[in-house]
């Protein structure tokens, strides 16, 4: 990354300055680690106020070591760096910080040229080379429509997969369907009792939902229905032909519906599987825990005592012999270890499943302890729960059982409809208006979930999700369309040398800094498993560009990007192109399309 070039230059000069300014203490301490360039780079910070510098280095930790106060240390080191031969940076001392400004002409030239040369690869790196990361996301339950409650896991996981791919990882997206368990006994009971024969063979997932909701309503009055459901599921587990055929029917209807919605959203997976896939693998898992002497019996049930007051035991098998979701997750993890030998396994699942994953990872660690697995070969520590907050509707949690569910497709259609109305007001003759309207509608929905940190709960409000004003997906998409329009309007050849020193106002400088910082934003998003970092960066860049776009000269007239000043126009249009690349690529990483016109 270009930013590293400036940091490395500063760190090297700061390390030399410590040695020259504090020679006696330096020799006395004899610990060069805290004075090394690598240590200095690792402790560089970003000022909250961009005007204070591109980056800063705090020297408070050196006060005791050097017997000097931090402001004095910062001043001496800054002066020594300023006296050295240097074209890349300038430094100033503020209290106990050394603040660093970069040579703007060099940064502008290299940033813009790099962004344009790399184009779609800008922000990419090879930090994930030879590393494999699995990302499990979406994972809806079959026999139910795709509800808005699954939107966060779907778009967060999809975004993380794209981010890790951009950083050179072999990133594999997994969709682990909820296609097994006692709820299918309930579905079978409901279907046998109340299915509409007139639509046999033509059922939709909405028809299956109605049956599911009816079962729970009837079960409140008739407890025997729950017993019947358990019996029907046991028959399914035992291979009963009729029940297996019904289960396969429910699964096929659901998967076809899910794939249709995924196609609309542009969501991709590398492997779609489900709980049922693990049915023949659970006994092997249970045997492994038994051989490790980790299994005990409790009221007839097979358990693993985690020896932890904060965690309940892992229930591997009920007294009646039925396995559980956690048994299947343990089996799935062990299967993926053999199949993929991954470096990380990310579960993008809501925060209310935290205890489930704590149990799973603790049980896996105990299994490896019992098997005396060497530290370098341990896989249990490579699993991570990427938790996110819940989606609420008003003050209510959504419940499929009670029919309190907002269909995702209804939200998408409503968003696209509103987007079309907005576009028609401004660009009524847009040729592909329906395609763009869908892109804008999806952009609004996706960004509404990405605009907050993933750990926070989201209160689903139609008026906010479908907003096209302020810090929204459509605002970013409109900015991209405006950038594209400017590029199309510029017809002059670009073969001559560009004078980037002409980009000399504060608005242009801020844009260059944000374009330069994009690769770091991508790396930070991966490090924190937080696509929100990219979303925030794009909003800041779009705001900076629009401020530049609306800039006025000293005489109060618009300071046009394309003007009679051809040399300035060339420099500015390349700046525009670099912004367009960053916004397009950033939106792509969030799963959002970037229209050329709207």
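The values are calculated or read from the model by the stated rules, or taken from the named source; none is laboratory data. All of these numbers come straight from a predicted model, not from anything done at the bench. Virtual Cβ from ideal backbone geometry, glycine too; neighbours counted across all protein chains shown.
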Item to check | Residue tally, condition touching a helix residue (DSSP H, G or I) at 6+ places or on another chain (Cβ under 6 Å), more than 21 Å from residue 585 (Cβ to Cβ) and outside any helix (DSSP H, G or I), over segment 461-481 | outcome: 2
Checklist entry - Taking residue 201 and the conditions (1) out of contact with any helix residue (DSSP H, G or I) (no Cβ under 8 Å at 6 or more places or on another chain); (2) within 23 Å of residue 264 (Cα to Cα), which numbered condition does it fall short on, given that it satisfies the others? => result (2)
Checklist entry - Is segment 449-458 home to any residue that is over 21 Å from residue 413 (Cα atoms) and outside any loop (DSSP other than H, G, I, E, B)? => result no
Checklist entry - Only one of these conditions is not met by residue 99: (1) in contact with a strand residue (DSSP E or B) (Cβ under 7 Å, 6 or more places away or on another chain); (2) surrounded by fewer than 18 Cβ atoms within 10 Å (Cβ to Cβ); (3) within 24 Å of residue 504 (Cβ to Cβ). Which number is it? => result (2)
Next on the checklist: Give me the residue from segment 96-108 that is over 31 Å from the mean Cα position of the chain (by Cα) and not in a strand (DSSP E or B) and, out of that set, nearest to residue 57 (Cα to Cα).
Outcome noted: 96
Checklist entry - Does segment 181-195 include one or more residues that are farther than 25 Å from residue 322 by Cα and surrounded by fewer than 19 Cβ atoms within 10 Å (Cβ to Cβ)? => result yes
Checklist outcome for this item: Among residues of segment 247-266 being buried (at least 18 other Cβ atoms within 10 Å of the Cβ) and in contact with a helix residue (DSSP H, G or I) (Cβ under 7 Å, 6 or more places away or on another chain), the residue farthest from residue 191 (Cα to Cα) is 265
Checklist outcome for this item: For segment 317-337, the count of residues that are more than 32 Å from the chain's Cα centre (by Cα) and farther than 20 Å from residue 231 by Cα equals 0
Item to check | Residue check for residue 498: in a loop (DSSP other than H, G, I, E, B) and surrounded by 18 or more Cβ atoms within 10 Å (Cβ to Cβ) | outcome: yes
Item to check | Considering residues of segment 161-172 that are surrounded by 22 or more Cβ atoms within 10 Å (Cβ to Cβ) and out of contact with any helix residue (DSSP H, G or I) (no Cβ under 8 Å at 6 or more places or on another chain) only, the residue farthest from residue 340 (Cα to Cα) | outcome: 161
Checklist entry - Among 594, 526, 516, 542, which is in contact with a helix residue (DSSP H, G or I) (Cβ under 9 Å, 6 or more places away or on another chain), crowded, with 19+ Cβ neighbours inside 10 Å and either in a loop (DSSP other than H, G, I, E, B) or without any contact (Cβ under 8 Å) to a residue 60 or more places away in the chain (or both)? => result 594
Item to check | Where residue 168 falls short, out of the listed (1) assigned to a helix (DSSP H, G or I); (2) closer than 30 Å to residue 530 by Cα | outcome: (1)
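Restricting attention to segment 322-337, which residues are surrounded by fewer than 18 Cβ atoms within 10 Å (Cβ to Cβ) and farther than 13 Å from residue 181 by Cα?
Correct list: 335, 337.
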Next on the checklist: Suppose the filter is at pLDDT 95 or above and exposed (fewer than 12 other Cβ atoms within 10 Å of the Cβ); does residue 287 pass it?
Outcome noted: yes
Checklist entry - Could you list, in sequence order, the residues of segment 14-40 that are under 30 Å from residue 515 (Cβ atoms) and surrounded by 16 or more Cβ atoms within 10 Å (Cβ to Cβ)? => result 14, 15, 37, 40
Checklist entry - Yes or no: residue 507 within 28 Å of residue 426 (Cβ to Cβ), more than 20 Å from the chain's Cα centre (by Cα) and not assigned by TED's automatic domain parsing to the domain that holds residue 492? => result no
Next on the checklist: Quick check on my filter: what residues within segment 283-340 are in a loop (DSSP other than H, G, I, E, B) and touching a strand residue (DSSP E or B) at 6+ places or on another chain (Cβ under 7 Å)?
Outcome noted: 294, 305, 306, 313, 318, 319, 324
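Quick check on residue 303: is it at pLDDT 95 or above, within 15 Å of residue 136 (Cα to Cα) and either surrounded by 15 or more Cβ atoms within 10 Å (Cβ to Cβ) or out of contact with any helix residue (DSSP H, G or I) (no Cβ under 9 Å at 6 or more places or on another chain) (or both)?
Considered against the rule, which asks whether it is at pLDDT 95 or above, within 15 Å of residue 136 (Cα to Cα) and either surrounded by 15 or more Cβ atoms within 10 Å (Cβ to Cβ) or out of contact with any helix residue (DSSP H, G or I) (no Cβ under 9 Å at 6 or more places or on another chain) (or both), residue 303 comes out as no.
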Checklist entry - When residues of segment 41-67 are filtered for being on the phi < 0 side of the Ramachandran plot, surrounded by fewer than 18 Cβ atoms within 10 Å (Cβ to Cβ) and part of a loop (DSSP other than H, G, I, E, B), how many remain? => result 7
Checklist entry - Of all residues in segment 73-96, how many are more than 27 Å from residue 503 (Cα to Cα), in contact with a helix residue (DSSP H, G or I) (Cβ under 6 Å, 6 or more places away or on another chain) and crowded, with 16+ Cβ neighbours inside 10 Å? => result 5
Next on the checklist: Tell me yes or no: at least one residue of segment 138-145 is assigned to a helix (DSSP H, G or I) and modelled with pLDDT of 95 or more.
Outcome noted: no
Next on the checklist: Please verify whether residue 269 is assigned to a helix (DSSP H, G or I), crowded, with 17+ Cβ neighbours inside 10 Å and touching a strand residue (DSSP E or B) at 6+ places or on another chain (Cβ under 9 Å), treating the condition exactly as stated.
Outcome noted: no
